[in-house]
1. Output the residues belonging to segment 235-269 that are among the hydrophobic types (A, V, I, L, M, F, W, C) and modelled with pLDDT under 95.
2. Report, by residue number, each residue of segment 260-282 that is surrounded by fewer than 23 Cβ atoms within 10 Å (Cβ to Cβ) and over 19 Å from Gly207 (Cβ atoms).
3. Working only within segment 423-439, note down all residues that are polar (S, T, N, Q) and within 22 Å of the chain's Cα centre (by Cα).
4. Only one of Pro572, Pro539, Pro528 is at pLDDT 90 or above and either touching a Cys at 6+ places or on another chain (Cβ under 6 Å) or loosely packed, with under 13 Cβ neighbours inside 10 Å (or both); which?
5. Is it true that some residue in segment 420-427 is in contact (Cβ under 8 Å) with a residue 60 or more places away in the chain and within 30 Å of Ile515 (Cβ to Cβ)?
6. Within segment 70-87, which residues are open to solvent by less than 60 Å² (accessible area, probe 1.4 Å) and not in a loop (DSSP other than H, G, I, E, B)?
7. Give the residues of segment 320-332 that are within 23 Å of Gly410 (Cβ to Cβ) and open to solvent by less than 10 Å² (accessible area, probe 1.4 Å), sorted by residue number.
8. Identify the single condition in (1) farther than 24 Å from Ser554 by Cα; (2) of a type in the set (Gly, Ala, Ser); (3) under 42 Å from the mean Cα position of the chain (by Cα) that Gly679 does not satisfy, given that it satisfies every other one.
Amino acid sequence: MKQCAVILFILAATPAIVADPLDQRAFEPGAVPVATKIAESLQEALSAGLPGDRTKVWVYLADKGDPSGTGYALAVAAAEDRLTPRAQRRLAMRGNGPAGWEDIPIHTPYVNRIAESGVLIHYMSRWHNAVSVSGDPKLIQSLAELPFVLRIEAVDRLRRPPPVTPRRHAPPETTPSHRRTRANRFDYGPSFVQSNQLQVPELHDIGLSGQGVLVALFDTGFSLDHAAFDSLRSRVEAQHDFVEDHLGMAGFPYDVHGTQVLSVIGGFAPGKLVGPAFGARYLLASTEAVTFENEIEEDWWIAALEWADSLGVDVVCSSLGYIDWYAYEDMDGKSAMISRAASMAADRGIVVVSAMGNLGGQPYEKMSAPSDSEKVISVGAVDASGNRWASSSIGPTYDGRIKPDVMAMGQGVYTVQPFSGQSYTHNNGTSFSTPLVAGVAALLLEAYPHWTPEKVQRVLRQTASQAASPDTLNGYGIVQAADALMTESRGTVRSFTAESGPSGVFLSWTAGLEINLLAYRIERRDYPVGRYDSLATVPVTRVMHDGPAMKAYSYSDTAVQPGNAYEYRLQPVGREEFTLTAEHVTVRIDHTSGPSDGLVAILYPNAPNPFSGSTDIRFELTETTPVTLMIYNLLGRRVRVLADRMYGPGRYALTWNGRDGDGRAVPSGVYLYRMTAGGIEQNGKMLLLR
């Protein structure tokens with residue numbers, strides 16, 4: 001019987017080998033005995049093999065052929081240059097640091113020597129420093145003679161029939177409400193149930209959509225012709241067919257599954273389907289050959305993972321899993337190659353979300369790899385009422401850990417109907433609960449870019465519907481996205497300006513995302529040598545607000561002297577019980593204005609600008625005077641009259657909601673505003689983005 005052998009990883013920071021790595025003198029005789037390079041069980045299987053048989057194995061190499069010291073540092077620097085800037089940032093912020101040993105390519109002369117033996121090379125993994133090959137058993141045995149080969153490991157094992165496990169049913173649990181309690185920003189149509197079960201609309205309502213997050217899907221092929229992908233096509237950063245690379249056959253026409261999975265996470269067709277991460281950017285990798293189930297598909301999955309990593313991926317969504325060439329004993333998070341690769345991805349700052357599988361109630365009803373990985377967010381399926389879908393695979397892992405991690409709707413999930421252009425359908429499977437959870441992960445990373453994969457997994461577990469009593473049927477329960485979001489404070493200041501006027505310095509700022517935020521603290525100092533003193537605290541108008549539009553705040557500092565220079569510091573203030581994610585901002589100004597005789601009328605820039613919901617147009621007067629404030633389009637046609645009356649001395653802010661005088665929403669574009677006060681005319685320009 002073939003068995004998976006234990007892998008030995010060489011992770012030394014400075015591998016010491018001579019200039020010619022193929023010189024056998026570089027390896028001390030007997031350092032890695034040939035007899036120990038192949039596990040006994042695999043050796044027996046190879047010895048019993050017949051000529052013409054083909055065995056697939058992973059060949060692990062002792063090093064990467066790079067010299068020690070300066071040479072190693074240069075190799076790492078070259079490897080880091082091959083990563084995109086966003087990949088480098090992710091490694092620094094959420095991963096295990098800058099590029100290292102895993103990023104250095106496999107040593108080409110080693111690969112050439114292996115190829116010369118006559119075996120077929122399938123894939124080379126730089127992370128594992130291993131080569132996937134297949135060939136005659138005798139050829140496989142001969143590879144152990146090569147001095148740079150560390151170990152040879154079988155991919156598959158001869159499957160024993162798994163024991164029949166009595167079918168178990170999930171205990172009753174509280175069913176999340178699917179009823180709308182308030183108007184949401186979007187009309188989700190039939191997809192409302194699957195999103196609302198996870199509290200996704202609440203995150204959309206405050207402006208989250210996955211913007212700035214890069215999500216990779218590993219699946220069959222992908223067709224982007226459906227109307228639900230109209231806004232997504234421009235956000236597909238790269239697409240690669242690993243099946244076609246190897247077999248010369250593209251995923252098409254086998255792209256039904258991948259297309260539907262993509263629609264669940266990223267589709268956007270209001271009134272029909274709105275995916276959780278409709279604003280994210282995407283990498284699409286075809287790694288699954290629908291016509292067969294073979295170990296080579298694991299190679300393609302790992303190849304896609306290393307490809308996506310180099311491009312800076314943040315979230316991997318995999319509605320694929322493999323068990324055909326494994327047994328339950330392998331579901332320990334360490335035996336399956338794909339599971340080890342997924343764990344390495346998490347160490348590099350990538351959130352990996354994987355389907356548990358649809359084997360519930362069958363003789364083998366447990367998870368498939370890589371869902372057994374401790375660092376993977378494994379997803380099971382429930383129905384619209386929150387009850388476990390009977391076919392959802394269950395845990396625990398072979399080493400006794402709880403799986404799945406979380407649950408999402410996987411029965412009756414609303415998806416696109418591929419090749420139709422406009423039609424939709426319903427589908428079942430953990431394949432569709434997985435993109436829902438991956439979408440939530442993207443929303444959380446948009447809000448908290450510093451969260452590590454471990455933090456995302458932990459928060460999703462701690463806030464899920466049965467976090468207090470997890471089990472191996474439902475894990476920690478159904479994801480509750482809003483509860484997960486509300487575990488920290490977040491404040492984002494988009495702009496901070498200071499303007500000098502007759503009555504003092506007018507401070508204004510626009511805020512983006514506000515989560516568990518209480519106020520903004522304003523501090524001031526004499527520039528450049530003064531000490532910061534607390535000036536005021538401006539409370540937030542609402543902790544969470546509807547729509548993605550930025551909010552405008554202002555404060556007038558009247559205790560200033562003309563001719564002085566000041567620096568102001570603005571700091572968001574969160575709730576004491578939560579960690580605050582925010583950075584202070586500063587602005588400097590030379591205050592030159594002061595009281596003057598006669599009318600002074602000042603028109604300040606509108607804020608926020610650009611805007612999507614509404615914006616404030618601000619002005620200041622020193623005397624009572626008639627004021628007219630008009631809005632025009634670029635053709636000079638009047639759109640709206642905001643003011644036409646007498647105003648007394650003071651500062652004012654008039655709000656324009658992007659509608660004309662008849663209450664109709666005007667289209668996106670540049671608009672002009674003109675204020676006339678006591679014969680003084682001033683103009684401004686603003687950008688409306690719908």
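The values are calculated or read from the model by the stated rules, or taken from the named source; none is laboratory data. Keep in mind that this is a model prediction, so the values were computed, not measured. Every residue, glycine as well, gets a Cβ built from its backbone with ideal geometry; the counts of neighbours run over all protein chains shown. The area values use the complete protein model at the heavy-atom level, side chains included, leaving out ligands, DNA and RNA. Shrake-Rupley method; radii C 1.70, N 1.55, O 1.52, S 1.80 Å.
1. Keep residues of segment 235-269 that are among the hydrophobic types (A, V, I, L, M, F, W, C), which gives 236, 238, 242-243, 247, 249-250, 252, 256, 261-262, 264-265, 268-269.
Passing the criteria: Phe242, Val243, Leu247, Met249, Ala250, Phe252, Val256.
2. Of everything in segment 260-282, those that are surrounded by fewer than 23 Cβ atoms within 10 Å (Cβ to Cβ) and over 19 Å from Gly207 (Cβ atoms) turn out to be Gly271, Lys272.
3. Let us first name the residues in segment 423-439 that are polar (S, T, N, Q), namely 423, 425, 427-428, 430-431, 433-434.
Result: Thr430, Ser431, Ser433, Thr434.
4. On the way: Pro572 fails: either touching a Cys at 6+ places or on another chain (Cβ under 6 Å) or loosely packed, with under 13 Cβ neighbours inside 10 Å (or both); Pro528 fails: at pLDDT 90 or above.
Residue meeting the stated conditions: Pro539.
5. no
6. So in segment 70-87, the residues open to solvent by less than 60 Å² (accessible area, probe 1.4 Å) come out as 71-73, 75-80, 83-84, 86-87.
Matches in segment 70-87: Gly71, Tyr72, Ala73, Ala75, Val76, Ala77, Ala78, Ala79, Glu80, Arg86, Ala87.
7. Within segment 320-332, the subset within 23 Å of Gly410 (Cβ to Cβ) is 320-324, 326, 328, 331.
Correct list: Tyr322, Tyr326, Met331.
8. (3)
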